[in-house]
Amino acid sequence: MSDNLSRARPAAGGGLMLRERREGWGGATFRPLGRWAPLRRLPCRVASFFLSNPGPLMSRASAIPSLVLLTGAGISRESGLDTFRDADGVWSRVRLEDVATPEGFERDPVKVHAFYNARRHGLRDPEVVPNAAHLALARLERLWPAEVLLVTQNIDDLHERAGSPAPLHMHGELLKARCAACDAVLPWADDLGLEDRCPSCGAEATLRPHVVWFGEMPLEMERIEAALTACGVFVSIGTSGTVYPAAGFVSLARRAGARTVELNLEPSHGASLFHECHHGPATGVVPAFVEALLASAPGLRETE
Ligand code: BJW
């Protein structure tokens, strides 16, 4: 695939990070070796609920843990995009069997193309912009002095627009098409249909949305699983915890020793699996959590 993301992640200040396993932060963590990000100063605006009740994330800091951040449709809700399983969500209007399975596409490709074309249009709405939660995660990625992997189930591009350097889109990307004949993955901002030829191999009617449907393998699972088993903190944001394999990430990270945190409007299906939960709209709980996390990292100075 042209957008194979399995490259090593560069350290915040450039170059690659070497890692050493350490204990701390409620579990196994990694400490970056060799190249630390430049020291930074933070404004220390820490959300009051974290200040008044600092959890183990704040109090047991002995090394800087690497982070895996998982996002779902809830993070984009306040940007104007629908979730799937809420009462007014996508699945209240269309059957997922019709538009989010390979069998549905085989049965009625015109209908499936129309569904994703409409969502591509929705993404171009000038009112659909990254919100405070997307921006906070991009800031965390920029400032955190250890590795951060942002994995999103979302196919929108709001993380990129917020400044996240390389979110891993495990369920694909709305603004890309894929050719069933040659496997090329192509940028695709406009309508897609059976009349379109693959710009890479020239085949007719072989292009499909570059999204992962039910029954298909999500993208880059090896890289995600490696990060989950190595991280010190796993944070799940705006996802109902109903769709696998993403719904299983918390168990995998926890078994490997990570501290696990849920940030969601309401308790998700897997809420009991998390060490720590903060419930409320993403634009409130995510920036507050990010500020608290940044404030807990010793010796951080802001370079913005
Ligand atoms: C807010 C908020 C605010 C609202 N602030 N929060 C039986 C048992 C177990 C598994 C299976 C099974 N039968 C089949 C399976 C496997 C299947 C599956 O999990 N099915 C379940 C439904 C049971 N999974 C698959 O088929 C996957 N592939 C697979 O498993 O391959 C095999 C494999 C084996 C081994 C290893 C690895 C793989 C593929 C899944 C593909 C999912 N595709 C979709 C469509 C993508 C394209 C598109 O967008 O159209 O992905 S479905 C849809 O669900 C989309 C999402 O990414 C995904 C997850 O949804 P998400 O993000 O959680 O949204 P919601 O709506 O569910 O939740 C939103 C949350 O936000 C809610 O909690 C709200 O409260 C909250 N919220 N406003 C904060 N303001």
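Tabulated values for the structure
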| quantity | calculated |
| --- | --- |
| Matching residues in the stretch 164-207 - criterion: being in the same structural domain as Leu137 (by TED's automatic domain parsing) and more than 21 Å from the chain's Cα centre (by Cα) | none |
| Test: residue in the stretch 266-276 that is touching a Ser or Thr at 6+ places or on another chain (Cβ under 8 Å), surrounded by fewer than 18 Cβ atoms within 10 Å (Cβ to Cβ) and in a loop (DSSP other than H, G, I, E, B) | yes |
| Pairs, first touching a residue at least 40 places away in the same chain (Cβ under 8 Å) in the stretch 75-94, second loosely packed, with under 14 Cβ neighbours inside 10 Å and among the aliphatic types (A, V, I, L, M), C-beta under 8 Å, six or more apart | Ser79/Val129 |
| Count of the stretch 159-193 residues which are within 24 Å of Leu143 (Cα to Cα), among the small types (Gly, Ala, Ser) and exposed (fewer than 15 other Cβ atoms within 10 Å of the Cβ) | 1 |
| Check on Leu293, assigned to a helix (DSSP H, G or I), in contact with a Leu (Cβ under 7 Å, 6 or more places away or on another chain) and within 16 Å of the ligand (Cβ to nearest atom) | no |
| Residue within the stretch 136-146 that is surrounded by 18 or more Cβ atoms within 10 Å (Cβ to Cβ), modelled with pLDDT of 95 or more, under 24 Å from Thr283 (Cα atoms) and within 16 Å of the ligand (Cβ to nearest atom) present | yes |
| Residue within the stretch 212-227 that is more than 16 Å from the ligand (Cβ to nearest atom) and over 16 Å from the mean Cα position of the chain (by Cα) present | no |
| Failed item, numbered, when Gly248 is tested on (1) at negative phi; (2) more than 10 Å from the ligand (Cβ to nearest atom); (3) not charged (D, E, K, R) | (2) |
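The values are calculated or read from the model by the stated rules, or taken from the named source; none is laboratory data. This structure is a prediction, so every number in the text was calculated from the model and none was measured. Virtual Cβ from ideal backbone geometry, glycine too; neighbours counted across all protein chains shown.
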